[in-house]
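Shown below is the structure under consideration.
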Amino acid sequence: MSTRPDLLKKRMIRRHELRQIVPLADTTIYEMEQRGEFPRRFALTPRCVVWDLAEVEAWLNERLSKARRSSVERAPYPDVRRRKTRPVKTQDRARA
């Protein structure tokens with residue numbers, strides 16, 4: 001019986017460990033999984049889901065290399081001239 005070293009090194013992580021590695025909210029991770037943008041979790045038991053640590057680390061390395069190759073794309077600033085209403089300023093009731 002031969003054992004392959006790559007199978008012995010597999011490590012699975014649970015949600016609390018994932019949250020320490022990837023600083024995203026649970027909802028964000030779930031939505032990214034649904035879109036295929038994040039490694040998928042799988043169920044070890046009906047009540048225990050885990051992620052493959054190697055897949056998560058590969059995803060992080062890919063994101064890091066993308067960030068280093070190009071500038072970060074930020075959302076455009078809102079065009080305040082297109083507002084339908086202006087923000088309401090609260091008046092100090094002591095002066096009124």
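The values are calculated or read from the model by the stated rules, or taken from the named source; none is laboratory data. Computed from a predicted structure; not experimentally measured. Heads up, the Cβs are rebuilt from the backbone with ideal geometry, glycines too, and the neighbour counts pull from every protein chain shown.
How do the pairs read when you match residues in region 40-62 that are closer than 11 Å to Met12 by Cα with residues anywhere that are hydroxyl-bearing (Ser, Thr, Tyr), using Cβ under 9 Å and keeping only pairs 6 or more apart or on different chains?
Short answer, once both residue conditions are applied: Arg41/Tyr30.
If you don't mind, another one. Among the residues that make up region 66-73, is at least one of them within 27 Å of Lys9 (Cβ to Cβ), out of contact with any Asp or Glu (no Cβ under 6 Å at 6 or more places or on another chain) and of a type in the set (Val, Ile, Thr)?
Within region 66-73, not a single residue is within 27 Å of Lys9 (Cβ to Cβ), out of contact with any Asp or Glu (no Cβ under 6 Å at 6 or more places or on another chain) and of a type in the set (Val, Ile, Thr).
Given the conditions (1) surrounded by 10 or more Cβ atoms within 10 Å (Cβ to Cβ); (2) in a loop (DSSP other than H, G, I, E, B); (3) at pLDDT below 85, report the number of the one that Asp92 does not fulfil.
(1)
Okay, next question. So, in region 12-50, how many residues would count as being more than 8 Å from the chain's Cα centre (by Cα), of a type in the set (A, V, I, L, M) and closer than 20 Å to Asn61 by Cα?
Residues in region 12-50 being more than 8 Å from the chain's Cα centre (by Cα), of a type in the set (A, V, I, L, M) and closer than 20 Å to Asn61 by Cα: 5 in total.
Next question, about the same structure. May I ask you to list the residues in region 32-51 that are β-branched (Val, Ile, Thr) and surrounded by fewer than 10 Cβ atoms within 10 Å (Cβ to Cβ)?
Initially, region 32-51 is screened for residues β-branched (Val, Ile, Thr), giving 45, 49-50.
If the condition is that a residue be β-branched (Val, Ile, Thr) and surrounded by fewer than 10 Cβ atoms within 10 Å (Cβ to Cβ), then Thr45 is the only one that fits.
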